Structure formats: structure tokens, C-alpha cells
Amino acid sequence: IVGEWHLISWGDAEPEFDVYIEFNEYGKFNIYQQTWTFTYDRFTGTFSVNDTLLSGMYSDGSSWLASYIHTVEDSKLTLINTVDLDEVGIYEACVIPAEVIEEATTTRAEESVPFL
């Protein structure tokens with residue numbers, strides 16, 4: 001699961017938003033999302049993997065909305081929401097564009113809701 005990922009499918013459709021996730025070898029993540037804004041928001045925190053279950057906590061101490069069953073195959077990461085099994089995200093291995101990272105380092109809007 002360690003690596004950089006770009007959301008390419010959400011619930012069997014092309015997403016109407018843009019999300020990149022970076023999981024590093026130290027159990028930390030960065031989410032860069034452009035969901036309800038014109039710019040990217042950045043969320044950080046820690047994650048853990050227990051067999052096929054992926055869970056996380058944001059830097060502010062709040063947990064992800066759900067845990068996810070994950071699989072990695074052929075440079076694709078699939079995350080299945082354990083609360084709503086119809087919520088399936090497929091991510092492709094990538095290099096997160098520098099302009100996304102640079103844009104997301106600005107202060108995020110308070111109304112931004114984390115993707116996971």
C-alpha cells in the first residue's frame with residue numbers, strides 16, 4: 001500500500017472530483033483532494049493495516065469515516081468502504097504532480113470535508 005495513488009474510479013464511474021493519496025513507510029498519509037473547491041486541500045495523519053483492513057486517523061485526532069478493505073494488484077489499489085460496501089474506490093499508482101502538492105500547502109477552507 002506504500003506509494004502514491006490517484007483515484008480513477010468511484011462506484012464504477014469516473015469520479016467528478018480529484019483525489020491523490022500518499023501512504024509512506026512510516027505509517028503516515030497525505031490526501032490531496034479537489035472535491036467541492038477549485039483548489040486542492042491537503043489532509044494528513046496516520047494509517048494502519050491489519051491484514052486487508054486499512055484504517056486511519058487525521059492529524060486533528062478524528063478517525064476516517066470508515067475503515068477500508070484493500071487490495072493491491074497490477075498497480076491498482078482498491079478500497080472498499082466497510083460501512084457502505086457499494087462505496088468502492090480504485091486508485092492507480094502514480095507520482096503526485098508537484099503543482100497539486102504546492103497548491104495544497106495553502107491553508108484549506110474550514111468547510112472542507114476529508115475524502116476518507
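The values are calculated or read from the model by the stated rules, or taken from the named source; none is laboratory data. Predicted, not measured: the structure shown is a model, and the values here were computed from it. Here Cβ is always computed from backbone atoms with ideal geometry, including for glycine, and neighbour counts include all displayed protein chains. When the accessible area is computed, the model is the full protein with side chains, heavy atoms only, and any ligands, DNA or RNA have been set aside. Shrake-Rupley method; radii C 1.70, N 1.55, O 1.52, S 1.80 Å.
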Checklist entry - For the residue pair F17 and K76, what label-to-label distance in nm results when each label sits 7 Å from Cα along the Cα-to-beta-carbon direction? => result 2.2 nm
Checklist outcome for this item: tail above 16 Å in the computed P(r) of region 35-116, as % of all Cα-Cα pairs, reads 62 percent
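If a/c stays under 1.5 just call it rounded; otherwise compare a/b with b/c (prolate if a/b is bigger, oblate if not). Do that for region 1-62, with a ≥ b ≥ c from the square roots of the Cα gyration tensor eigenvalues.
Details: a/c = 2.04, a/b = 1.37, b/c = 1.49.
Oblate is the answer for region 1-62, as a/c is 1.5 or above yet b/c matches or exceeds a/b.
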Next on the checklist: Taking all protein chains in place and a 1.4 Å probe, what share, in percent, of the accessible surface of region 3-54 do carbon and sulfur account for?
Outcome noted: 47 percent
Next on the checklist: Calculate the FRET efficiency for D84 and E25 from the Cβ-Cβ distance with a Förster distance of 25 Å, rounded to the nearest 0.05.
Outcome noted: 0.25
Checklist entry - Out of N30, N81, N50, any idea which swings most in a Gaussian network model of the chain, alpha carbons joined below 10 Å? => result N50
Checklist entry - Quick one: accessible area per residue over the chain, 1.4 Å probe, rounded to a whole number of Å²? => result 59 Å²
Checklist entry - DSSP beta bridges in the chain, what fraction antiparallel, as a percent rounded to 5? => result 100 percent
